[in-house]
Amino acid sequence: MKRYSWEELYAELSDCRRCRLCERRQHIVPGEGDPHADIMLIGEGPGQDEDRQGRPFVGRSGQLLTRMLEAIDLKREQVYICNVVKCRPPGNRTPEPDEASACIGFLRAQFALVRPKIILLLGKTASRYVLNQEVFIGRDHGRWVERKGVWMMPTYHPSALLRDPALKRAAWEDFQSVQAKWEELSNGGGREA
Ligand code: URA
């Protein structure tokens with residue numbers, strides 16, 4: 001895997017034409033937050049608001065996500081937030097597998113730079129491409145997977161919670177579990193430096 005600095009990563013992303021999603025984008029949405037965050041959140045891909053602003057999770061689902069983070073005493077600036085694909089899929093469709101694989105190197109590079117202790121996978125697309133296995137959110141949300149000292153958990157995508165508010169209770173329990181895991185890891189249970 002190519003080793004990037006943040007500057008190299010952003011420079012390479014800035015004129016990326018690795019897949020067809022470059023054709024209709026207004027802005028690339030690389031990601032934002034603490035570059036050395038303990039907690040990384042990964043979504044699917046930018047929506048319309050994100051494409052306009054060049055920032056992840058700033059639309060309605062982003063506002064809900066921000067409130068859920070705040071409810072577990074986390075500010076957006078404390079975590080690192082990004083997506084599987086960095087350009088908006090037209091009509092907010094799910095990224096095609098070739099689009100995700102064209103972009104996944106950037107996500108891996110972000111992971112290598114941030115070195116999070118915890119990764120929260122927002123929805124099926126992020127869960128599937130990061131865990132490299134089929135995931136059913138209704139069944140698998142809230143289940144921790146540990147790989148090489150990094151703890152990862154699939155949970156509902158905030159847009160699913162907007163569509164079906166009855167899911168919010170389960171998502172809230174997932175977020176509380178993230179808070180508990182973070183406290184546990186911060187109190188000596190973390191991976192080696
Ligand atoms: N949905 C996502 O998956 N990512 C965003 O940045 C916004 C909405």
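With only alpha-carbon pairs counted, each pair once and no self-pairs, how large is the Kirkwood hydrodynamic radius of the stretch 93-149 in angstroms?
Mean inverse Cα-Cα distance, inverted, gives 12.4 Å.
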Candidate lysines for bridging to K168, where Cα separation is under 19 Å - those fewer than 8 sequence places away on the same chain excluded: K124
At 0.36 nm per residue, minus the direct Cα-Cα distance, what do R3 and E183 gain on full extension? Give it in nm, one decimal, please. 61.8 nm
Counting alpha carbon pairs within less than 8 Å and at least 6 residues apart, what relative contact order, in whole percent, applies to the chain? 23
With springs only between Cα atoms under 10 Å apart, run a GNM on the chain and tell me which of P116, P90, P30 wobbles the most. P90
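Calculate how many DSSP beta bridges within the chain are antiparallel, expressed in % of all such bridges and rounded to the nearest 5.
Details: 5 of 18 bridges.
Percent antiparallel among DSSP bridges in the chain is about 30.
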Which value, in Å to one decimal place, does the Kirkwood hydrodynamic radius take for the chain when every pair of different Cα atoms is included? 16.7
Would you kindly state how much longer the chain becomes between Y10 and Q26 on full extension, computed as 0.36 nm times their sequence separation minus their alpha carbon distance, in nm to one decimal? 4.1 nm
Could you report the accessible area of V130 in Å², rounded to 10, computed with a 1.4 Å probe on the protein chains as they sit in the structure? 40
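Per-residue ellipticity at 222 nm for the chain, helices alone: DSSP H runs ≥ 4 residues times -39500 (n - 2.57), over residue total, nearest 500 deg cm²/dmol? List each step's numbers first, then the result.
Values: 8 runs with 80 residues, N = 193.
It comes out at -12000 deg cm²/dmol, rounded to the nearest 500.
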Square roots of five times the C-alpha gyration tensor eigenvalues of the stretch 76-116, ordered largest first and given in whole Å, equal 22, 14, 6
Which value, in Å² rounded to 10, gives the accessible area of K75 with a 1.4 Å probe and all protein chains present? 120
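The values are calculated or read from the model by the stated rules, or taken from the named source; none is laboratory data. None of these values were measured; they are calculated from a predicted model. Just the protein is used for accessible areas: all its heavy atoms, side chains included, with ligands, DNA and RNA removed. Shrake-Rupley method; radii C 1.70, N 1.55, O 1.52, S 1.80 Å.
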